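Inspection log for the structure reproduced underneath, given as structure tokens.
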Amino acid sequence: MPTMRPFLAAALALLVALSCCGATAHAAAPKLSVGIGDEDASMFTDPLLAPLRMRRARFVAGWDAALSAGSERDSADQFLGAARTAGYDVLVSFAHSDNPGRTTTLPSSSAYAKGVKAFLKRYPWVRTYSPWDEVNTCSEPTCHNPKAAAGYYRTLKAACPRCTVLAAEVLDSDYTEMRSYLRQYLRYVGKPVPQLWGLHNYSDVNRFRTIGTRTMLATVPGTVWITEVGGLYSWGKSFPPSTSRQVRATQQMFKLATSSSRIQRLYIYSWNGGGTFDAGLLWPNGTPRPAYTTVADWLERPTQ
């Protein structure tokens, strides 16, 4: 038996080393970074926002918002200026133009480049972008044109090579269609293959499923950010007003966001409640809904 002691000691040392390495790898796993999405600049001065200690926000702007004076540019000025003053890092997602006659039209590559370059020049402190919001939904003119959407990604990357630029931002309402769109997008986008993608998993969150999120992770490589999602308080006949359902959906949102280490950011939508589509954490009068408390409690967890 004495001759076995060196081998036992070596084996014990190896087990300790493996245990340490495993603990280090687990500790090094990225934590979920949580932000908030809205288009109302007053959010940044709301006393209810500061206790959540979120330092990221998301804003949606028309691709041509910075090209001419108007309400869309004014909205961007107010939101991005307030976010900068409050010290927030902002993700800007471009989308269709709000200018009459352009809302359903895909811009040419040169027109899109002109629009995003004007935006970059006007707001140089913004360094994180998505080329187009919800490219696979037919509320956007990119709906049946993954080739154009992939081209906008390359155009935005070229316009701001030091920016963080997401590839396709997609909605999960029809996950088979989403998968088909992403596969076509990957064929058109070329190499190097993008390693950062955006997901809006509203159906998974509010219908208490997982298939959309799992499909996204299985279809694209690299990192996924959930760039817009929230528990619905109400939306038409399908989702009559319910604070309890909104709370359960908000819990599902966090469950899905932490289901894979590849999911590294979550932008909750939205801050203010009201309107036909209502996922607000606050009532229209500015007081917190129960879902606000759910978010606050989750963010207070020691692991966060």
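Per-structure values
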{"item": "Matching option when the condition is surrounded by fewer than 13 Cβ atoms within 10 Å (Cβ to Cβ) and either farther than 17 Å from K31 by Cβ or touching a residue at least 60 places away in the same chain (Cβ under 8 Å) (or both), among P284, P288, P302", "result": "P284"}
{"item": "Elements of type strands (runs of 3 or more DSSP E) in the stretch 92-202, at least 2 residues being of a type outside the set (A, V, I, L, M, F, W, C) and buried (at least 19 other Cβ atoms within 10 Å of the Cβ)", "result": "128-130, 196-200"}
{"item": "Residues (of a type in the set (G, A, S), more than 15 Å from the chain's Cα centre (by Cα) and closer than 30 Å to T293 by Cβ) located in the stretch 216-236", "result": "S234, G236"}
{"item": "The lone exception for V229 - which of (1) surrounded by fewer than 24 Cβ atoms within 10 Å (Cβ to Cβ); (2) touching a strand residue (DSSP E or B) at 6+ places or on another chain (Cβ under 7 Å) it fails", "result": "(1)"}
{"item": "Whichever residue in the stretch 28-83 is closer than 19 Å to Y129 by Cα and basic (K, R) and, among such residues, is surrounded by the fewest Cβ atoms within 10 Å (Cβ to Cβ)", "result": "R55"}
{"item": "Residue list for the stretch 242-274, restricted to those being assigned to a loop (DSSP other than H, G, I, E, B), more than 17 Å from L299 (Cα to Cα) and either free of Cβ contacts under 8 Å to residues at least 24 places away in the same chain or in contact with a helix residue (DSSP H, G or I) (Cβ under 8 Å, 6 or more places away or on another chain) (or both)", "result": "S242, S260, R262, G274"}
{"item": "Residue, nearest to I268 (Cα to Cα), within the stretch 87-128, restricted to residues that are basic (K, R) and either at pLDDT below 95 or touching a strand residue (DSSP E or B) at 6+ places or on another chain (Cβ under 9 Å) (or both)", "result": "R127"}
{"item": "Residue match in the stretch 289-298 (condition: closer than 17 Å to A57 by Cβ and of a type in the set (V, I, T))", "result": "yes"}
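Listed here are the residues, each with its yes/no results for (1) closer than 23 Å to T219 by Cβ; (2) touching a strand residue (DSSP E or B) at 6+ places or on another chain (Cβ under 9 Å); (3) not charged (D, E, K, R).
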| residue | (1), (2), (3) |
| --- | --- |
| Q251 | no, no, yes |
| L256 | yes, yes, yes |
| A279 | no, yes, yes |
| Y292 | no, yes, yes |
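The values are calculated or read from the model by the stated rules, or taken from the named source; none is laboratory data. Remember, it's a predicted structure, so these values are computed and weren't measured experimentally. Every residue, glycine among them, receives a Cβ derived from its backbone with ideal geometry; neighbour counts consider all protein chains shown.
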